[in-house]
1. Out of the stretch 50-63, which residues are assigned to a loop (DSSP other than H, G, I, E, B) and open to solvent by less than 60 Å² (accessible area, probe 1.4 Å)?
2. Given the conditions (1) farther than 19 Å from residue 64 by Cα; (2) open to solvent by 70 Å² or more (accessible area, probe 1.4 Å); (3) at pLDDT below 80, which single one is not true for residue 45?
3. Residue by residue through the stretch 38-65, note down the ones that are closer than 20 Å to residue 24 by Cα and touching a residue at least 12 places away in the same chain (Cβ under 8 Å).
4. Please go through the stretch 16-41 and give me each residue that is outside any helix (DSSP H, G or I) and open to solvent by less than 60 Å² (accessible area, probe 1.4 Å), ordered by number.
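The values are calculated or read from the model by the stated rules, or taken from the named source; none is laboratory data. Because the structure is predicted, anything quoted here is derived from the model rather than measured. Here Cβ is always computed from backbone atoms with ideal geometry, including for glycine, and neighbour counts include all displayed protein chains. Areas reflect the complete protein model, heavy atoms only, side chains present, ligands, DNA and RNA absent. Shrake-Rupley method; radii C 1.70, N 1.55, O 1.52, S 1.80 Å.
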Amino acid sequence: MNDADGNLPLLPEGVDLGAATMVGDMVPTGFHRAKLADIQFGDDIAVIGIGPVGLMGEAGWCAQSMQLRL
């Protein structure tokens, strides 16, 4: 694996492996897509395919837009 030290996070004891999978794949993918889309606060958007990655894209947009309003 390329850059395993940066891509393989150490999981705290007791973290569910299913939940950890979301953090290592779905969350960064969705947040990255929101960043690439350059969505600004007040823009109208449509998320096609609202599975886990789409939900994380929405979460990424929400986090990004909250930072824009500060």
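1. Residue satisfying the conditions is 51 alone.
2. Checking residue 45 against (1) farther than 19 Å from residue 64 by Cα; (2) open to solvent by 70 Å² or more (accessible area, probe 1.4 Å); (3) at pLDDT below 80, the one that fails is (1).
3. 52, 53, 54, 55, 56, 57, 58, 59, 60, 61, 63, 64
4. Once the filter is applied, which keeps residues that are outside any helix (DSSP H, G or I) and open to solvent by less than 60 Å² (accessible area, probe 1.4 Å), the stretch 16-41 yields only 39.
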